[in-house]
Amino acid sequence: MADILSLKESVLVYLDRSGGLKKLCENCKHFNGTQQTEAVYRFCIGVNPADVLELDPVLGDCVLHDPLKATALFQSVCFLAIKTLSLIEKIHMESQVNVILKFTHLPPFPEYTLDLSSFPRLCRPLRPVSMEGLVISMTRVTKYTQGARFLCTDDDCPCSTGFHHIRVHAPGATESATVRNDFSCMMCSSQLKEDVKFRVLGDKQLVELIHVKALDVLRGHEQSSMRYQSVTLFLRDELCNSMRIGRYYRVLGIPAHVHQWPNITWSVEANSVQPWEPVCDCKVSARFQELLKGTASSPWRFSAIVAHCFGLDVAPLGLYDTLKLSLLLSLVQTRIDEKDTFHNLDLLVVTTDTLILDRLMTYSLSLAYRGIRHQATGEMFACLSRDEHGAGTANIHAGSVLLATGGVCLLGDLSYYRKDKLDSIKSVMETRTLSVFIPGKKYGEDADQQLSFPVQCSFWAATDSSRRSGRADCGALGAAEMGAVPAQLADAFGLVIECRDRVGEQALLAQTVHTLQHAVQSGKPHDPPCWEFSTEDYQELVAHAQRLQVELSPAAEKIIHGYYMASRRVRSQGQGVNMSVASIKLLISLAEAHCKLCLRTQVLEQDAVIAVLLCESSVSLKHGASALIIPPDPVFPCDLGDVDGLCKRDAALDELHQLILRFIYTNAPGADTYITEE
């Protein structure tokens with residue numbers, strides 16, 4: 001008894017020092033403002049385990065290893081404080097005070113960390129643990145019973161009135177453990193009956209959390225035999241809707257065994273939820289730092305060599321350089337910033353050889369912050385199932401698009417998709433939202449419901465141009481055959497790249513020799529570039545470039561604005577093509593991405609030139625050429641086999657730079673105010 005009193009004294013001292021008593025008084029004012037008398041009154045108490053351990057090690061040990069006992073101690077102290085200070089006159093019994101301990105953190109030791117890939121889980125003690133994972137499904141918010149009042153059916157029993165029998169939800173308890181009709185009176189053993197008008201309801205939501213590395217299975221690479229199993233989280237009251245599908249979170253919770261005869265389900269009662277991101281190394285490798293110094297004399301060369309030497313395990317030097325650069329630009333631009341604003345760069349590749357393109361995209365996917373390759377047998381958007389934990393409500397499972405949140409979703413060859421699926425992809429890309437229809441009758445609700453989820457990923461796709469679509473606009477000068485992709489869907493993709501073979505049969509021969517060499521002598525370099533970079537080097541470069549904060553220089557802004565205005569006038573008058581505001585966003589995204597790839601923090605005029613060339617090529621592939629006449633592959637107009645090739649490319653890009661300025665000066669309204677004729 002003396003030990004219990006000592007622990008209660010420590011609880012009182014901690015509440016006084018931490019401001020818990022003051023918060024308790026403020027919460028009581030809220031309950032006094034209502035006329036209704038409830039069975040239980042819920043109070044959330046913030047607990048810092050480090051401060052509690054410093055104050056009283058015994059109490060700290062109780063908080064960390066026996067949370068139910070610790071909750072009872074805080075409940076007793078809070079009840080005494082409420083009665084002593086006359087905070088709530090409607091509280092008569094200690095059982096009416098429902099205390100929830102909210103942990104600020106847990107000690108950073110393995111004993112308090114739960115790895116979602118570890119087994120078995122039943123052997124762990126039921127104490128607070130910390131876990132990190134990805135949300136892959138969640139239910140709608142439903143109701144559960146926080147507390148209920150029961151009265152004895154024997155009128156002569158003292159428990160037939162008052163608040164002697166109060167049932168309160170405990171971690172791991174089902175609804176039937178709180179409310180059912182076979183409870184007996186503690187005094188006379190008569191049957192208890194619930195006083196329904198005193199029942200207190202709360203919000204409940206179920207979430208499935210899975211280990212971060214489980215997404216590696218969906219990247220499309222060869223994987224080990226490791227399998228991952230999700231964990232069910234119970235979010236209650238203020239924690240409902242605090243998590244989003246496709247996001248990473250760190251969760252503090254108490255594991256519990258939920259008994260649903262004849263099964264026992266292992267789940268976690270969430271205590272606190274915080275957004276979390278995996279830690280990654282963002283240092284640029286020494287090889288790239290050396291290359292950056294060696295190419296400092298030219299603003300074009302660093303990104304050119306980075307793209308030229310990219311993916312040599314898949315394609316030989318000199319092939320698909322524009323595509324490689326576009327993939328790298330999409331990788332460094334795809335991110336969610338500190339303000340939760342998503343930046344994306346979608347990419348559609350037109351080719352006659354989708355096999356090599358698919359391999360190159362799959363290889364690039366391994367460099368993404370999060371990369372998901374959509375499988376034909378999987379769900380692309382979202383699907384529904386009935387909740388298996390007793391509620392019977394709809395459980396929303398994430399498809400490839402939602403799982404790729406913050407990263408890249410590789411759709412593969414669009415030629416194999418049905419028209420209705422292509423229409424759905426177009427709608428999602430245009431609105432950047434995903435709608436899920438939930439039939440109320442099927443999932444126990446009175447009315448149907450439609451939920452919307454933000455789509456925050458970049459889309460990569462390819463189309464086989466050898467499959468004729470019969471589009472009428474393919475006859476325009478410079479327009480490309482898009483295969484089975486409708487024109488509206490091609491417009492939804494910001495950047496369209498056509499992989500042309502400049503050397504025809506020589507390209508096919510080079511790819512064949514490259515493939516055979518890698519099959520016979522795996523792991524040995526077969527191309528003799530002056531710069532060699534590993535996959536890890538590219539991963540570090542992309543991760544570092546993604547986090548760079550860049551801003552537009554006045555010169556770059558003038559080129560982007562001038563090109564947009566000039567192109568809008570030329571194409572609307574000559575071709576009837578409307579250049580939407582999305583074109584401005586695409587130009588800015590491309591310029592910023594090229595600036596980041598070059599490891600700069602200010603977008604230069606040269607970055608804007610690359611953006612204009614890529615954008616003009618993309619629009620020409622969709623709608624035909626304009627008055628701005630550029631070569632078929634303007635970003636890589638010549639071979640980069642040696643230093644002389646780099647010099648030729650610099651000279652060609654300088655000429656194209658002047659060509660763009662003349663185009664702006666001639667066609668953009670008011671261009672003579674910021675561009676001189678010289």
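The values are calculated or read from the model by the stated rules, or taken from the named source; none is laboratory data. The structure displayed is predicted, hence computed values, not measured ones. Virtual Cβ from ideal backbone geometry, glycine too; neighbours counted across all protein chains shown. Quick note on the areas: whole protein, heavy atoms, side chains included, nothing else; ligands and nucleic acids left out. Shrake-Rupley method; radii C 1.70, N 1.55, O 1.52, S 1.80 Å.
What the table below lists for this structure:
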read-out: Sulfur and carbon atoms: percent of accessible area, the chain [1.4 Å]; value: 52
read-out: Accessible-area ranking of E536, E132, largest first, probe 1.4 Å; value: E536, E132
read-out: Protection proxy ranking of 424-433, 614-623, 587-596, 166-175 - average other beta-carbon atoms within 10 Å, highest first; value: 587-596, 614-623, 166-175, 424-433
read-out: Å² per residue, accessible surface of the chain at 1.4 Å; value: 46
read-out: Given charges at Cβ of Lys, Arg, Asp, Glu: the chain dipole, positive-most of L291, F183, L201; value: F183
read-out: Accessible area (Å², 1.4 Å probe, nearest 10) - K421; value: 60
read-out: Highest-first arrangement of 136-149, 642-655, where packing means the average Cβ count within 10 Å; value: 136-149, 642-655
read-out: Charged-residue dipole, Cβ positions (Lys, Arg, Asp, Glu), the range 337-478 about Cα centre, Debye nearest 20; value: 420
read-out: Cα-projected label distance for D155 with A376, points at 7 Å along beta-carbon direction, nm; value: 7.6
read-out: Cα-based radius of gyration of the range 232-281 once divided by 2.2 N^0.38 Å, which approximates compact folds; value: 1.37
read-out: Degrees, to the nearest 10: 535-546 long Cα axis against longest axis of the chain; value: 80
read-out: Cβ-placed point charges (K, R +1; D, E -1), dipole of the chain about Cα centre in debye, nearest 20; value: 1200
read-out: Heavy atoms of M361 accessible to a 1.4 Å probe, total area in Å² rounded to 10; value: 0
read-out: Accessible surface ranking that places the most exposed of D155, D448 first, with a 1.4 angstrom probe; value: D155, D448
read-out: DSSP-defined beta bridges in the chain - what % are antiparallel, rounded to 5; value: 65
read-out: With all protein chains modelled, accessible area of F79 [1.4 Å, Å²]; value: 30
read-out: Whole-percent pair-distance distribution, where bins are 5 Å wide, for the alpha carbons of the range 548-677; value: 2, 11, 20, 23, 21, 14, 7, 2, 0
read-out: Approximate spin-label separation E290-T431, in nm, with each point projected 7 Å along Cα-to-Cβ; value: 5.3
read-out: Extreme residue, positive dipole direction of the range 270-419, given options V306, Q274, M380 (C-beta unit charges); value: V306
read-out: Peptides 366-378, 304-316 ordered by average Cβ neighbours within 10 Å, highest first; value: 304-316, 366-378
read-out: q = 0.08 Å⁻¹: log10 I(q)/I(0) that the Debye formula gives for the chain, counting C-alpha atoms only; value: -0.75
